[in-house]
1. Listed residues MET104, MET61; which is within 30 Å of ARG263 (Cβ to Cβ) and either of a type in the set (Val, Ile, Thr) or open to solvent by less than 30 Å² (accessible area, probe 1.4 Å) (or both)?
2. May I ask you to list pairs of residues, at least six apart or on different chains, whose Cβ atoms are under 6 Å apart, with the first in the range 139-150 being closer than 18 Å to ILE202 by Cβ and the second being open to solvent by 40 Å² or more (accessible area, probe 1.4 Å)?
3. Are any residues in the range 308-340 over 23 Å from LEU14 (Cα atoms), open to solvent by 10 Å² or more (accessible area, probe 1.4 Å) and not small (Gly, Ala, Ser), and if so, which ones?
4. Any residue at all in the range 78-88 that is closer than 23 Å to ASN359 by Cα, open to solvent by 30 Å² or more (accessible area, probe 1.4 Å) and more than 26 Å from the chain's Cα centre (by Cα)?
5. Which residues, taken from the range 228-243, are part of a helix (DSSP H, G or I) and either of a type in the set (A, V, I, L, M, F, W, C) or free of Cβ contacts under 8 Å to residues at least 60 places away in the same chain (or both)?
6. Do you know which residues across the range 1-52 are open to solvent by 50 Å² or more (accessible area, probe 1.4 Å) and either part of a strand (DSSP E or B) or among the small types (Gly, Ala, Ser) (or both)?
7. Any chance the range 212-221 includes a residue that's basic (Lys, Arg), under 18 Å from the mean Cα position of the chain (by Cα) and closer than 30 Å to GLY28 by Cβ?
8. So which residues in the range 165-201 are of a type in the set (Asp, Glu) and open to solvent by less than 20 Å² (accessible area, probe 1.4 Å), if there are any at all?
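The values are calculated or read from the model by the stated rules, or taken from the named source; none is laboratory data. Model, not experiment: these values are computed from the prediction. We place every Cβ from the backbone using ideal geometry, glycine too, and count neighbours over all the protein chains shown. These accessible areas exclude ligands, DNA and RNA; they are computed on the full protein's heavy atoms, side chains included. Shrake-Rupley method; radii C 1.70, N 1.55, O 1.52, S 1.80 Å.
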Amino acid sequence: MNRRERLMSTFNGLPVDRPAVNFYEIGGFQVNPDDPSEFNIYNDPSWRPLLQLAEEKTDIMRMCGPAVKDSSENPRSEFFNTEQYMKDGSLFTKTTLNVADRTMTALTRRDPEIETVWTIEHLLKDADDLKAYLQLPDEIYTSFTVDVSNLFEQERLVGDKGVVMVDTGDPICWAAPLFSMEDYLVVALTEQELFHSLLEKISMYLHPLTEIVARDFPGHLWRICGPEYAAEPYLPPALFNEYVVKYTGPMVKTISKYGGFPRIHCHGQIKNILPYIAQMGAAGIDPIEPPEQGDVELSYVRENYGKQMALFGNIEASDLENMDPSDFEKVVEKALKEGTAGEGRGFVLMPSSCPYGRNITAKTMKNYETMVRLATNWN
């Protein structure tokens with residue numbers, strides 16, 4: 001059984017020769033270790049053995065998105081302006097929005113040694129900013145073109161090493177980061193009608209886009225990010241139903257309609273929202289973080305939801321980087337045992353994330369090797 005066959009059988013609930021093993025972003029995102037850019041952390045020599053291990057020994061799920069462009073009639077440029085500049089060795093991106101006689105700004109920073117973008121200033125600060133934002137013309141969200149040819153090309157390049165996974169945010173994934181976390185929570189809790197209006201506006205873009213991609217690139221795995229913004233301890237389960245099931249649910253149904261496998265990405269506490277995720281018809285869930293980061297054991301999810309959903313997890317990225325290899329081996333064994341116990345759709349051994357610094361330590365490399373060794377020899 002090659003790696004692609006193993007993953008497709010996992011998604012479909014068919015027998016496999018062994019559990020699949022995946023390193024998430026490592027092998028998930030296509031990176032170039034030969035790119036000399038100071039912002040490319042992967043050109044550090046310590047990354048090469050890990051990148052090679054992922055490419056040669058793991059069941060690849062390559063994360064990709066379609067090529068989406070604004071149509072010629074899209075008025076976005078009349079309202080948004082973006083500029084980039086370097087300062088003290090970091091790359092800054094400033095976005096300015098002018099709408100409804102109001103000027104709003106956002107600012108992000110990217111540092112050379114860390115593969116992440118820090119948001120220094122969020123675009124929306126309060127309900128009044130949101131009211132102005134909602135006055136943006138609908139054409140900004142509805143006037144676009146989609147090309148999925150790059151997805152087919154990635155599938156050709158991946159070959160039998162794995163599959164292409166369409167990577168998308170849902171409406172709340174787009175809405176919540178417009179605010180700081182504290183401002184988002186205030187608005188989501190106290191201005192519910194207004195927040196629904198924002199989700200509806202974003203859905204004008206995401207729902208048709210999902211329809212096009214699911215139709216033109218059918219039968220593939222998807223990752224849908226964002227539901228964690230409405231999970232506990234941030235919002236109560238009733239608002240998960242309001243803000244996720246109502247707006248993410250249609251995306252899940254569309255993907256399924258065309259034979260795809262919609263996987264919900266949700267960090268943190270998921271026990272009380274698992275019924276809602278199942279209600280949407282999700283075919284998979286990740287990363288099923290164990291306590292203390294999460295609030296539910298993998299065995300519970302397997303027993304109660306494993307027949308409907310393929311399970312992806314449940315190794316903490318912090319354990320990969322910090323845990324002694326002998327202790328980490330026990331963690332991996334536990335995940336494999338619980339993830340494959342009894343009846344279920346399928347299980348992929350996978351961490352919750354990956355290192356984002358420039359240097360991969362010997363301990364981290366050893367722990368990744370443990371994941372491959374134990375999954376490969378599991379029966």
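1. Exactly one of MET104, MET61 is within 30 Å of ARG263 (Cβ to Cβ) and either of a type in the set (Val, Ile, Thr) or open to solvent by less than 30 Å² (accessible area, probe 1.4 Å) (or both), namely MET61.
2. As it stands, the answer is ILE140/ARG76; TYR141/MET204; THR142/MET204; SER143/GLU73; PHE144/VAL68; PHE144/ASP70; VAL146/VAL68; VAL146/ILE212, since those pairs meet every condition given.
3. Once the filter is applied, which keeps residues that are over 23 Å from LEU14 (Cα atoms), open to solvent by 10 Å² or more (accessible area, probe 1.4 Å) and not small (Gly, Ala, Ser), the range 308-340 yields GLU316, ASP319, GLU321, ASN322, MET323, ASP324, PRO325, ASP327, GLU329, LYS330, VAL331.
4. yes
5. Correct list: GLU228, TYR229, ALA230, PRO237, ALA238, LEU239, PHE240, ASN241, GLU242.
6. Once the filter is applied, which keeps residues that are open to solvent by 50 Å² or more (accessible area, probe 1.4 Å) and either part of a strand (DSSP E or B) or among the small types (Gly, Ala, Ser) (or both), the range 1-52 yields only PHE29.
7. To start, the set of residues in the range 212-221 that are basic (Lys, Arg) comprises 215.
Next cut, under 18 Å from the mean Cα position of the chain (by Cα) only: none.
No; the residues of the range 212-221 include none that is basic (Lys, Arg), under 18 Å from the mean Cα position of the chain (by Cα) and closer than 30 Å to GLY28 by Cβ.
8. Scanning the range 165-201 gives a single hit, ASP170.
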